[in-house]
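S.K.: Take this structure, written in structure tokens, and hold onto it; I'll ask about it next.
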Amino acid sequence: MEKNDFLLYNEIIYHIHTSKDMDDLKRSILAQVKHIIPYTYGSFITVDIDPETQTIHHRDPFCLPDSFTPLEEAWIAQDYLDESLWVSHAPESIVIRSSDLNGEGWLQSPLFCQLYQQYDIYDTLSVNLAYDHQVMALMTFYRTRSDGTFTDEEAFYLRALARHINYAYYTMSHQVAQSSGPARTMEEIVAAYGLTRRETEVLSLVFQGRNNEEILAKLTISRNTLLKHLQNLYRKCAVSSRWELLKLKNGI
């Protein structure tokens with residue numbers, strides 16, 4: 001990494017960890033990363049996974065520029081056509097380029113012809129944001145034909161930044177859940193959702209910010225048992241992700 005790129009990389013990390021709220025975090029990342037990985041369009045899309053069916057749900061696109069939002073909304077409506085949809089399932093961050101998957105073959109895909117062609121998009125660079133084996137969002141950068149394809153070096157930069165972005169995104173989600181709305185007691189939550197004793201213990205540890213490994217050590221249960229309790233919590237509380245569970249504490 002050249003000296004100038006190293007300075008830019010450190011500046012991006014600084015902005016990632018000093019963002020004021022979730023919108024500021026997304027906007028800051030998209031704006032700052034552009035200095036080290038040039039692109040024409042960029043977006044964040046929230047990812048939810050149904051714990052029982054493992055069905056992917058994409059929502060709430062945040063785009064730079066804002067004028068790109070209609071395309072991402074159209075993609076969400078047709079995401080099942082995307083050959084790279086598996087990335088949203090991956091429990092660890094993976095960086096992929098459209099040009100790596102099919103070369104220029106993806107330029108003839110139905111999804112490209114229906115959506116991307118009107119924006120003259122030629123290549124994409126994506127990373128799924130995940131923390132503690134929970135997928136949180138999908139971040140994607142787009143280049144036009146005149147921009148060319150993303151390079152190996154740029155993919156490396158994004159992989160290096162992913163750990164910082166993952167942690168900042170998770171932390172910000174956790175802070176939002178803790179700071180919004182009136183606090184609810186555990187007794188109120190247990191009564192409202194009919195939780196068992198063990199489900200209550202698991203939820204209490206989730207509220208404390210414990211990850212799965214810490215919960216396993218605390219309760220001395222198997223991983224499969226913990227996942228079953230979490231699935232039951234998701235079902236009973238009508239949520240689809242860990243950070244949505246955190247919102248229950250504040251009645252959001």
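The values are calculated or read from the model by the stated rules, or taken from the named source; none is laboratory data. Treat the numbers as computed from the prediction; the structure is a model and nothing was measured. Virtual Cβ from ideal backbone geometry, glycine too; neighbours counted across all protein chains shown. Accessible surface areas use protein heavy atoms only, side chains included; no ligands, DNA or RNA. Shrake-Rupley method; radii C 1.70, N 1.55, O 1.52, S 1.80 Å.
S.K.: Could you tell me whether Gln118 is touching a Lys or Arg at 6+ places or on another chain (Cβ under 6 Å) and either open to solvent by 10 Å² or more (accessible area, probe 1.4 Å) or among the charged types (D, E, K, R) (or both)?
M.R.: Details: touching a Lys or Arg at 6+ places or on another chain (Cβ under 6 Å): no; either open to solvent by 10 Å² or more (accessible area, probe 1.4 Å) or among the charged types (D, E, K, R) (or both): yes.
In short, no.
S.K.: Check off (1) exposed (fewer than 14 other Cβ atoms within 10 Å of the Cβ); (2) touching a strand residue (DSSP E or B) at 6+ places or on another chain (Cβ under 9 Å) for Met136 and give me the number that stays unchecked.
M.R.: Result: Met136 passes all but (1).
S.K.: Here's a follow-up. Pick from Leu125, Leu111: which is under 23 Å from the mean Cα position of the chain (by Cα), part of a strand (DSSP E or B), in contact (Cβ under 8 Å) with a residue 12 or more places away in the chain and surrounded by 18 or more Cβ atoms within 10 Å (Cβ to Cβ)? Please lay out each step first, then the result.
M.R.: On the way: Leu111 fails: part of a strand (DSSP E or B).
On inspection, the qualifying residue turns out to be Leu125.
S.K.: Right, another one. Output the residues belonging to segment 79-98 that are of a type in the set (A, V, I, L, M) and more than 19 Å from Phe141 (Cβ to Cβ). If you could, list the steps in order and put the result at the bottom.
M.R.: Just the residues of segment 79-98 that are of a type in the set (A, V, I, L, M), to begin with: 81, 85, 87, 90, 94-96.
Across segment 79-98, the qualifying residue is only Leu81.
S.K.: Could you check segment 135-166 and list, in sequence order, the residues that are free of Cβ contacts under 8 Å to residues at least 60 places away in the same chain and among the β-branched types (Val, Ile, Thr)?
M.R.: Of all residues in segment 135-166, those free of Cβ contacts under 8 Å to residues at least 60 places away in the same chain come to 145-146, 148-149, 151-153, 156.
Thr149, Thr151 - these are the residues of segment 135-166 that are free of Cβ contacts under 8 Å to residues at least 60 places away in the same chain and among the β-branched types (Val, Ile, Thr).
S.K.: Here are some residues: Gly105, Gly148. Which one is exposed (fewer than 13 other Cβ atoms within 10 Å of the Cβ) and modelled with pLDDT of 85 or more? Steps first, please.
M.R.: Numbers: Gly105 fails: modelled with pLDDT of 85 or more.
So the residue among Gly105, Gly148 that is exposed (fewer than 13 other Cβ atoms within 10 Å of the Cβ) and modelled with pLDDT of 85 or more is Gly148.
S.K.: Go through segment 164-199 and give me each residue that's under 26 Å from the mean Cα position of the chain (by Cα), modelled with pLDDT under 90 and assigned to a helix (DSSP H, G or I).
M.R.: The answer is Tyr170, Thr171, Met172, Ser173, His174, Gln175, Val176, Ala177, Gln178, Ser179.
S.K.: For segment 6-60, which residues satisfy the criterion of being in a loop (DSSP other than H, G, I, E, B), of a type in the set (S, T, N, Q) and at pLDDT below 95? Explain how you work it out, then say what you get.
M.R.: Restricting attention to segment 6-60, the residues satisfying the condition of being in a loop (DSSP other than H, G, I, E, B) are 18-21, 34-40, 50-55.
After this cut, where a residue has to be of a type in the set (S, T, N, Q) as well, the list is 18-19, 40, 53-55.
Residues satisfying the conditions are Thr18, Ser19, Thr53, Gln54, Thr55.
S.K.: Scanning segment 228-237 for residues that are of a type in the set (A, V, I, L, M, F, W, C) and more than 20 Å from the chain's Cα centre (by Cα), which turns out surrounded by the most Cβ atoms within 10 Å (Cβ to Cβ)? Don't jump to the end; show me each part of the working.
M.R.: The first filter runs over segment 228-237 and keeps only residues of a type in the set (A, V, I, L, M, F, W, C), leaving 230, 233, 237.
Of the ones still in play, those that are also more than 20 Å from the chain's Cα centre (by Cα) are 233, 237.
Working: Leu233: 22, Cys237: 19.
Among residues in segment 228-237 that are of a type in the set (A, V, I, L, M, F, W, C) and more than 20 Å from the chain's Cα centre (by Cα), the one surrounded by the most Cβ atoms within 10 Å (Cβ to Cβ) is Leu233.
S.K.: Please count how many residues of segment 34-58 are without any contact (Cβ under 8 Å) to a residue 40 or more places away in the chain and either open to solvent by less than 70 Å² (accessible area, probe 1.4 Å) or touching a Cys at 6+ places or on another chain (Cβ under 7 Å) (or both).
M.R.: Residues meeting the conditions: 2.
S.K.: I've got another one for you. The conditions are (1) in contact with a strand residue (DSSP E or B) (Cβ under 8 Å, 6 or more places away or on another chain); (2) open to solvent by less than 60 Å² (accessible area, probe 1.4 Å), and Pro91 fails exactly one of them. Which is it?
M.R.: Failed condition: (2).
S.K.: Continuing with the same structure: Yes or no: segment 24-33 includes at least one residue that is touching a helix residue (DSSP H, G or I) at 6+ places or on another chain (Cβ under 7 Å) and surrounded by fewer than 18 Cβ atoms within 10 Å (Cβ to Cβ). Walk me through it before giving the result.
M.R.: Pass one, segment 24-33, residues touching a helix residue (DSSP H, G or I) at 6+ places or on another chain (Cβ under 7 Å): 25, 28-29, 32-33.
After this cut, where a residue has to be surrounded by fewer than 18 Cβ atoms within 10 Å (Cβ to Cβ) as well, the list is none.
The answer is no; no qualifying residue exists.
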